[in-house]
Amino acid sequence: MHTSAVLMFLGTLAACVLLVLVTFSVPFISIFYFLKTSAAGTVTFGIWGFCVDITGVCTQKKLEYSFDPQIMKSLTTALVLYPVAAGLTLFGLLSLTPLLYPYPLFALLSILAFLTSLAAFAVMMFLFTTAKNRFHAEGFTATYGPAVWMSLAATAVLLLLAVNVGCGTFCGGRFGRQAPHLAYSY
């Protein structure tokens, strides 16, 4: 197996694990959240809802939720892009399995996974930065959680993979190799 294929596999695996953990943030896994605020005690927000830490009560696990007026219900629906990005990354990982699919499929899936992850990150940052500012305006504290940074790391890894595939270094490009007509004899 080529070194580039191993690096592609490890990078895709890392991005997939990060995106799956982000996908199963609060209320599934309480330590992974996007925003924590002191409103109503302590509240943590994830993709599928939010939890009030003092009472231990979480919302019903669903994609669309609101925490009026800070969290916009319509934008929480767009967080579905995280499971989509995780799925695309998983399929990209499976396409690297030898003799299962050709590598050009990996190129397509890695670029689509990056674009989906980037869109999800942009929506998430807008949603939770707006909420953070609204909480601060009302006198509450609000801080970003680990899911924000995990999402950023996954998006950065997917960017590196997409650029590498896009440049052709993995799918038969000549980057780093010498052209056959430029052979030197010493």
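General observations
- Per the conditions (1) farther than 24 Å from residue 133 by Cβ; (2) within 21 Å of the chain's Cα centre (by Cα); (3) in contact (Cβ under 8 Å) with a residue 12 or more places away in the chain, the sole criterion not satisfied by residue 72 is (1).
- Segment 35-45, residues that are surrounded by 23 or more Cβ atoms within 10 Å (Cβ to Cβ) and not aromatic (Phe, Trp, Tyr): 35, 37, 43, 44
- Residue list for segment 3-17, restricted to those being under 11 Å from residue 90 (Cα atoms) and of a type outside the set (Phe, Trp, Tyr): 12, 13, 14, 15, 16, 17
- Of the residues examined, residue 27 is one that is touching a Gly at 6+ places or on another chain (Cβ under 9 Å), in a loop (DSSP other than H, G, I, E, B) and modelled with pLDDT under 85.
- Residues of segment 129-165 that are under 15 Å from the mean Cα position of the chain (by Cα), among the hydrophobic types (A, V, I, L, M, F, W, C) and within 23 Å of residue 27 (Cβ to Cβ): 147, 148, 149, 150, 152, 153, 154.
- Test: residue in segment 12-34 that is over 20 Å from residue 146 (Cβ atoms), in contact (Cβ under 8 Å) with a residue 40 or more places away in the chain and surrounded by 15 or more Cβ atoms within 10 Å (Cβ to Cβ): yes
- Set side by side, the residues 146, 104 differ, and just one is at pLDDT below 90, surrounded by fewer than 18 Cβ atoms within 10 Å (Cβ to Cβ) and out of contact with any strand residue (DSSP E or B) (no Cβ under 7 Å at 6 or more places or on another chain), which is 104.
- Look at segment 53-64: where a residue is surrounded by 13 or more Cβ atoms within 10 Å (Cβ to Cβ) and a partner is among the charged types (D, E, K, R), sitting 6+ places away or on another chain with Cβ atoms under 8 Å, you get 64/73.
- Checking residue 110 against (1) buried (at least 16 other Cβ atoms within 10 Å of the Cβ); (2) touching a Phe, Trp or Tyr at 6+ places or on another chain (Cβ under 7 Å); (3) modelled with pLDDT under 90, the condition it does not meet: (2)
- All conditions but one from (1) closer than 20 Å to residue 148 by Cα; (2) part of a helix (DSSP H, G or I); (3) small (Gly, Ala, Ser) apply to residue 110; the one that does not is (1).
The values are calculated or read from the model by the stated rules, or taken from the named source; none is laboratory data. The structure presented is a predicted model; accordingly, all values stated were derived computationally and were not measured. In this analysis, Cβ positions are derived from the backbone assuming ideal geometry, glycine residues included, and neighbour counts consider all displayed protein chains.
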